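One structure is given below, encoded as structure tokens.
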Amino acid sequence: MSDEQTMKEILKERLTPGEHIPLYNPEALKRIEKEFDRWKNRVVGEDLLKAAEKARIKEHTVFLLGGIFPPENASKLKEMGFSATFLSATKEEIISCIESALASKKE
């Protein structure tokens with residue numbers, strides 16, 4: 001069973017119409033904890049960069065990642081090929097980073 005199928009099953013179970021979902025459900029918490037353990041060491045973006053490399057666009061494409069991800073993955077993401085990562089940033093900081101990343105790709 002794929003990771004996506006597992007997550008879809010969990011969501012489907014939680015969203016079944018007419019089903020009463022208790023606020024505290026030990027079984028659901030165990031399943032969520034198990035899913036978290038499976039995903040916690042996975043580096044976000046790895047599949048994207050592999051696909052870009054396979055398509056031969058990685059060297060002339062700017063990759064940025066922002067949002068919620070483990071902060072300790074930021075340096076690994078840059079090593080992998082992301083121009084920048086943002087856990088939080090202002091609009092101006094993101095625009096500045098994009099401009100810098102684009103300029104460095106042109107060099």
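The values are calculated or read from the model by the stated rules, or taken from the named source; none is laboratory data. This is a predicted model, so every value here is computed, not measured. Cβ placement follows ideal geometry from the backbone for every residue including glycine, while neighbour counts extend to all protein chains displayed.
Each row is one residue, and each column tells you yes or no for (1) at pLDDT below 80; (2) surrounded by 13 or more Cβ atoms within 10 Å (Cβ to Cβ); (3) outside any helix (DSSP H, G or I).
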site	(1), (2), (3)
GLN5	yes, no, no
LEU11	yes, no, no
PRO22	yes, no, yes
LEU29	yes, no, no
LEU48	no, yes, no
ALA52	no, yes, no
GLU59	no, no, no
Result of the Cβ filter at 8 Å on region 48-60, keeping first residues that are among the basic types (Lys, Arg) and partners that are at pLDDT below 90, at least 6 apart or interchain, is LYS58/LEU49; LYS58/ALA52; LYS58/GLY81
Counting only residues that are at pLDDT 85 or above and small (Gly, Ala, Ser), region 75-94 contains a total of 4
Exercise for the section: Look at LEU64 and say whether it is under 30 Å from GLU9 (Cα atoms) and at pLDDT 85 or above. Expected result: no
